[in-house]
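Working notes, beginning with the structure itself.
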Amino acid sequence: MRCLHCGTAAGKMRPDELTTEEALNLIDEMAELGTVGIILSGGEPLLRRDWRKMTERITQNNIKVGIITNGYAVTKEVVDDFERLGMSTVGVSFDGTEKTHNYIRQRDDSWSRALNAMRLMTENGNVRYEAVTQVSNINFGELDQIRDQLIDVGCPMWRIQMTTSTGRMNENRDLVLSFDNFPRLVDQCLEYKEDTRINFDVGENIGYYGCKGQELWNDRRYLGCFAGTRVLGIESNGDIKGCLSMPEEFVEGNIRDSSLTEIWNNPDGFAYNRKFTRDLAEGECHDCKYLPLCRGGCTVTSYSATGCRANNPYCIYRLEKAQGIECEDSPVITEMLEPFKEAMADVYEKA
């Protein structure tokens, strides 16, 4: 496929992809580093003929394993393998009604294949799966229809993420969700949370703090982007980033030049998060009282929109503030902010 919104502009196989031996050795090294979960993603991970061997090695190391697929190559046999191999979760990309999904995916049968993949897992009953929807201006108006289709097929969980202007979407920036549509998306997410017919969740580039942000996150202790601190992304050629969604300028090294352990333990690595300070923030984020907590939210969302690690226009608190909307912090958030009040004294004085 050549999906219009693909953050990595995936398409043809890279000529220098990791061999099976390299991938298996890397899994062992991740286990030694204390990894607790690995998600096989892409592109399309089922196109790697060794995905079963990789999954087996991951579970042998007592690491949870999941996969994100477009569903095209999922058959009953593949679903049975998901169950046999102990796949902890399967994410199926599902992005609209038939016409829209096929347009985004650039294949006329991609919608029916994705729907069939979910139907097969529903029938199996022993494979935990969810639908993942990338929201853009293309499909924003179809969210209700997407939800209804997922309920009809028996999908137990629906996760929404917002498309960023990275990868192939950088060539179609006008298709990224507009600032006018973003607060409407948040309102719809709050509505979907109340729908008992399907479990619902949002990706970390939607919400944050403020009135509706607190409501959307249920007072969970949102502490910003974990790229390079608790998670990392490994590309098919061995390039290491804090997160797979990040553009190439965030590559920290390659496992063929340095071991993953050396890259991860580099004291100067992943500095945008590990050494984050207020000086790295610009615009509204710089003088925001929530900055010590969220650090500007999703790095990719902020960077792709403004070129800055922390100057995120897709922040519901920022939009509420511009509209003069104020809300009281919950006890949980008040407790979280307390250690930073002295360091952010000038911000509180302005407030």
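One residue stands out in region 208-234 among those that are without any contact (Cβ under 8 Å) to a residue 40 or more places away in the chain and part of a loop (DSSP other than H, G, I, E, B): the one that is surrounded by the most Cβ atoms within 10 Å (Cβ to Cβ), namely Leu232.
Out of curiosity, is Asp195 open to solvent by less than 30 Å² (accessible area, probe 1.4 Å), among the charged types (D, E, K, R) and either out of contact with any Leu (no Cβ under 9 Å at 6 or more places or on another chain) or part of a helix (DSSP H, G or I) (or both)? When the stated conditions are applied, Asp195 passes them. Just so you know, in region 325-351 the residues that are open to solvent by less than 60 Å² (accessible area, probe 1.4 Å) and assigned to a loop (DSSP other than H, G, I, E, B) include one that is farthest from Asn273 (Cα to Cα), and it is Cys327. No other residue among Phe200, Phe179 is surrounded by fewer than 15 Cβ atoms within 10 Å (Cβ to Cβ) and among the hydrophobic types (A, V, I, L, M, F, W, C) apart from Phe179. Hey, among the residues in region 25-77 that are open to solvent by 70 Å² or more (accessible area, probe 1.4 Å) and of a type in the set (Lys, Arg), which one's farthest from the chain's Cα centre (by Cα)? My answer is Lys76. Only one entry of Asn237, Asn205 meets the criterion of being of a type in the set (S, T, N, Q), crowded, with 19+ Cβ neighbours inside 10 Å and in contact (Cβ under 8 Å) with a residue 60 or more places away in the chain, and that entry is Asn205.
In the set (1) assigned to a helix (DSSP H, G or I); (2) more than 19 Å from Asn199 (Cβ to Cβ); (3) open to solvent by 20 Å² or more (accessible area, probe 1.4 Å), the condition left unmet by His101 is number (3).
The values are calculated or read from the model by the stated rules, or taken from the named source; none is laboratory data. Keep in mind that this is a model prediction, so the values were computed, not measured. Neighbour counts run over all protein chains shown; Cβ positions are idealised from the backbone, glycine included. What goes into the accessible areas is simple: the full protein's heavy atoms, side chains included, and nothing from ligands, DNA or RNA. Shrake-Rupley method; radii C 1.70, N 1.55, O 1.52, S 1.80 Å.
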